[in-house]
Amino acid sequence: MPHSLRDLENPGEFIPRHIGVDAADEAHMLSVIGEASRQALIEGIVPRAIARSREMNLPPAVGEAAALAELRRIASRNQVMRSFIGQGYYGTTTPPVILRNVLENPAWYTAYTPYQAEISQGRMEALVNFQTLVCDLTGMAIANASMLDEATSAAEAMTLARRSVKARSNTFVVAGDCHPQTIEVVRTRARPLGIEVVLANSAEEWQRLLAGDYFAVLAQYPATSGRIDDLRADVVQVHAKQAAFIVAADLLALTLLVPPGEWGADIVVGTTQRFGMPMGAGGPHAAYMACRDEYKRSLPGRLVGVSVDAHGNPAYRLALQTREQHIRREKATSNICTAQVLPAVVASMYAVYHGPDGLRRIAQRVACYTALLARGLEQLGHRPRSPNFFDTVSLHTGKSTQTLLAKGHSLGANLRVAWDEYLCISLDETTTRADIELLWSVFAAPGQELPRIADFEQGLEPAIAPALRRTSGFLAHPVFNTHHSETGMLRYIRSLSDKDLALDRTMIPLGSCTMKLNATSEMIPITWPEFANVHPFAPADQLAGYAELDAQLRAWLCEATGYAGISLQPNAGSQGEYAGLLAIKAWHESRGEGQRNICLIPSSAHGTNPASAQMVGMQVVVTACDEGGNVDLADLEAKCRQHGDKLAAVMITYPSTHGVFETRVKELCELVHRHGGRVYIDGANMNALVGVAAPGEFGGDVSHLNLHKTFCIPHGGGGPGVGPVCVVEDLVPFLPGHATGGAGASPVGAVSAAPLGNAAVLPISWMYCRMMGAQGLRQATEVAILSANYVSVRLREHYPTLYASPNGHVAHECILDLRPLKDSSGVTAEDVAKRLIDYGFHAPTLSFPVPGTLMVEPTESETLDELERFIAAMIAIRQEIQRIETGEWPREDNPLKHAPHTAASLLRSDWQHAYPREVGAAVLDERRHAKYWPPVGRVDNAWGDRNLFCSCVPTGAYE
Ligand SMILES: *Cc1c(COP(=O)(O)O)cnc(C)c1O
């Protein structure tokens, strides 16, 4: 057997691990489709006019061990120092039982957003715990799960307030003592909406501004400098103006402080990072938003609520979805789609594990250490500016600021410079006695005697004025008071994940969402200390590893997309869209064409597109699709003409959300350019393009990618994501900047709290590209297309595919048309989706982009066996529908209408349905041992919205 040494070394070893279809499977699939080769198939699908001019220029693939070793070298260029920077990012200890069994557990991280309520009860229980945690600590009525980061949450609060209050002013007053990144992101968000942000740089200015006109104010509690203000009188004043009071609050501090909900705040925002999620150079972390009850129908983001199932038992589901972009489009309350579910689950588990007493003890320790630090600093001649503080003291250090900062660095400690002449020091859960002594030594003059901890220990108390101390309890629900042993916690986590279906159990054929393999080797680096334990605002030389990772990944993604510049700052696809449209808007303005504010969007677009356009102040005009599902070019041209010099942009998705490569996309781009508009190509479907065609080459000006779709970041049950924004050369100057993070200013400003957004998950996409190389990535695309066509052909006679190109082919997904079944049997696409649960599958995308259809995207990672299993289930369900059509089963009493079937419902002694129990159970013979049992029956969505309840279910409700 002659082998070259190169073959034996097998540098492409990962490629067949990622791609589930081998050569023999491929030959079989091609024969079923009726194509001679994969190349012939692809050439018949991808329009010649857009095919790539050359192969991507990427480093050749290496195996898993080699890629990890290379990434280790990059990680080691980050320097992990003791961080006392604070400013919204703190050291925290992820309890190991949560680290391994949630954050590093595919049962949690490979789950999808909980749209299919019945297979998502576990993660939704965790999210209801999260919402309860936020409500209890803030003292507010309702909280969502979750927001992308504290700064964007503050920006969303600003727009929520504007929608909700009576005051008609355009002014938003912001306390200067808010985190600088929050102020920066708020300004970015305010500008295109015509909101004037006015900063109060002193207490006097704050009072003067509060006496003026505004629709809302924002204050930080405790402030970024550590100060804790009593804001009660200010709230009264703001309310007298019919304006809203928004508070950015630290949840750990709120265990000790009177919560904003008790002194009248209208909206409270913040981050839950220090509840167990590592700093990770800025993310991912779950931010939160809580508000008063009157605002709930205007709340942005995902909200989990309690409803009932078909058997009358409590069951969770996403509540008030009619607020969201996927239904309300440009009238949505925000464009948020992917949020930060996995970090929210971690934060909720942290609270479950520690309970109210544990959280209070951690907070008290932080506060007492900070008081201790302050006493010693005072002894050294550095008196903190404020008498009241929780975890942060600020010192006026004047001319010696830089010297002290450098001394800190030399001793391994990062301090924070604020307002040029001040140093701020923040402590956290990880602070030790040794840290405090180290900090004292930074501030001690040469020869000065160091303070001794023992001198202050007696009777040490938090430096919080009595009037500001919390007296109310929190987290009284049993879930926060039960699972405090590790055994108990382990079993609680497992009991929740067992209720859910994620990629570790079955394929998730969700069109547009690309639920592909999230390889273990890709996941391993994210918790390496060099990536996890660095602060986003640490000095640049300590972040050299991240800078290298950023530069390499951007270069590779430029190769993949054909664009000239990319920013990894947006932390979801929706945020990439927002950043991309900001770039287009700023470009038009830079040319004196600021009047261009019309954004044309085809009717088939994802809801985030119109919602994002609305956020940058553009006016959405919907354009038609023809009967083949393609953008109607005649209509588009007419609208370009009609809007003339008002045309700003056209947003399309390619291949289209209908799962087809439109042949005239180049023409479309040229048409838009002729009319002075720019072309935004939504990159959610890049899994059909990588290595095959590049939007930046065939006419796109801007795209966002979803690294959590195409580039293997797991979906996390609804986040975290990364939504890089990619632009052509002349738009590069209009990519987001980040003055706070030292990444330079831009005409657009910052769109995320941290310069690299969800930095800590970038290693996943880096690993994927490094192990696949150009050929592997192209092969992945081609096999994704092959698999979609195979499913489409195999199901053709049972469920016709709605849209295809003239030769009958689809792109990387196919829309199965179930609408005719409604008439013939009364069965809806939703019934089929729920029946698939009985067969152990997560449903395909339901009723998007076409109501009454299922959109299947198998991805390249599924094996032929798994595709066959899915096909068999779909055919079995079609045969069941036939038995309804022939009248054997009544239209209202059949296994589809009663799906999914819980074990309890099948085991009742008084079984009274028209079909036998074993049919209800849908146990296919070879999978009998692996049957998935849904924990609840079909969930009643409307009931839940009529009886909105979004906190932990009182015990006893299940009896
Ligand atoms: C997923 C998706 C988006 C939104 O991306 P998020 O990361 O969820 O914000 C936008 N457009 C399309 C077509 C999508 O499939």
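Relative to the current alpha-carbon distance between Asn481 and Leu438, full extension at 0.36 nm per residue lengthens the span by 11.8 nm. Only Lys, Arg, Asp and Glu carry charge here, each on its Cβ (+1 for the first two, -1 for the last two); on that basis segment 92-217 has a dipole of about 380 debye about its Cα centre.
The mean sequence separation of alpha-carbon pairs under 8 Å and at least six residues apart, normalised by the residue count of segment 282-417, gives a relative contact order of 15 percent. Calculated mean residue ellipticity at 222 nm for the chain: -11000 deg cm²/dmol, from DSSP H runs with n ≥ 4 weighted as -39500 (n - 2.57), summed, divided by the residue count and rounded to 500.
Pairwise Cα distances in segment 7-69 exceed 16 Å in 64 percent of cases. Whole-Hz Karplus values for segment 836-852 come out as 4, 4, 4, 7, x, 10, 7, 5, x, 4, 9, 6, 10, x, 10, x, x Hz, taken residue by residue from phi with 6.51 cos²θ - 1.76 cosθ + 1.60 and θ = phi - 60°; glycine and proline positions read x. Given points 7 Å out from each Cα along the Cα-Cβ axis, report the Lys666 to Arg297 separation in nanometres with one decimal. Distance between the two pseudo-spin positions: 5.1 nm. For the chain, DSSP calls about 55 percent of its internal beta bridges antiparallel. If the segment from Ala27 to Val732 were pulled out straight at 0.36 nm per residue, it would be longer than the present Cα-Cα gap by 249.4 nm. Would you please give the FRET efficiency between Glu70 and Glu104, computed as 1/(1 + (r/R0)^6) with r the Cβ-Cβ distance and R0 = 22 Å, to the nearest 0.05? Given R0 = 22 Å and the Cβ-Cβ separation, E is 0.55.
Per-atom-type breakdown for segment 214-291 gives carbon and sulfur 52% of the accessible area (1.4 Å probe, protein chains only). The calculated Kirkwood hydrodynamic radius for the chain is 28.9 Å, given to one decimal from all distinct C-alpha pairs.
Label sites at Thr955 and Glu593, each approximated as a point 7 angstrom past Cα along Cα to Cβ, lie 6.5 nm apart.
Bridging of Lys399 to aspartates and glutamates at a Cα separation below 20 Å is possible for Glu378, Asp420, Glu421, once same-chain residues fewer than 8 apart are set aside. Close amide H partners of Glu662, meaning residues 5 or more places away or on another chain with modelled amide H under 5 Å apart, are Ser656.
Overall size of segment 438-500 from C-alpha positions, given as principal axis extents largest first: 63, 31, 21 Å. A DSSP coil position with no more than 11 other Cβ atoms inside 10 Å describes the following GluC sites (Glu not before Pro) in segment 386-486: Glu449.
Across segment 375-423, the mean sequence separation of Cα contacts (distance under 8 Å, 6 or more residues apart), normalised by length, yields a relative contact order of 32 percent.
The amide H of Arg416, built 1.01 Å from its N in the peptide plane, has Cys424 as neighbours under 5 Å, considering only residues 5 or more places off or on other chains. Using C-alpha pairs below 8 Å separated by at least 6 residues, the relative contact order for the chain is 20 percent. Rounded to two decimal places and with Rh computed the Kirkwood way over Cα pairs, what is Rg over Rh for segment 247-352? Rounded to two decimals, Rg/Rh equals 1.00. Students often get this wrong, so check it: of Lys646/Lys666; Lys639/Lys709; Lys331/Lys666; Lys499/Lys897; Lys166/Lys639; Lys241/Lys331, which have C-alpha atoms separated by over 29 Å? Checking Cα-Cα distances, Lys639/Lys709; Lys331/Lys666; Lys166/Lys639 exceed 29 Å. Residues whose amide H lies under 5 Å from that of Arg302, counting only those 5 or more places away or on a different chain, are Ala145, Ser146; hydrogens are built 1.01 Å from N in the peptide plane.
Largest first, the three principal axis extents of the alpha carbons in segment 425-578 are 63, 48, 32 Å in whole numbers.
Label separation (Lys166 vs Ser202): 3.5 nm, computed from points 7 Å beyond Cα along the C-beta direction. Counting 0.36 nm for each residue step from Glu892 to Ala49 and taking away their Cα separation leaves a gain of 298.4 nm.
3J(HN,Hα) couplings calculated from phi for segment 685-690 with the Karplus curve 6.51 cos²θ - 1.76 cosθ + 1.60 (θ = phi - 60°) are, in sequence order, 9, 4, 5, 9, 10, 3 Hz; Gly and Pro show x.
The values are calculated or read from the model by the stated rules, or taken from the named source; none is laboratory data. Keep in mind it's a predicted model, so treat the numbers as computed, not measured. Neighbour counts run over all protein chains shown; Cβ positions are idealised from the backbone, glycine included. Keep in mind that these areas ignore ligands, DNA and RNA; they rest on the heavy atoms of the full protein, side chains included. Shrake-Rupley method; radii C 1.70, N 1.55, O 1.52, S 1.80 Å.
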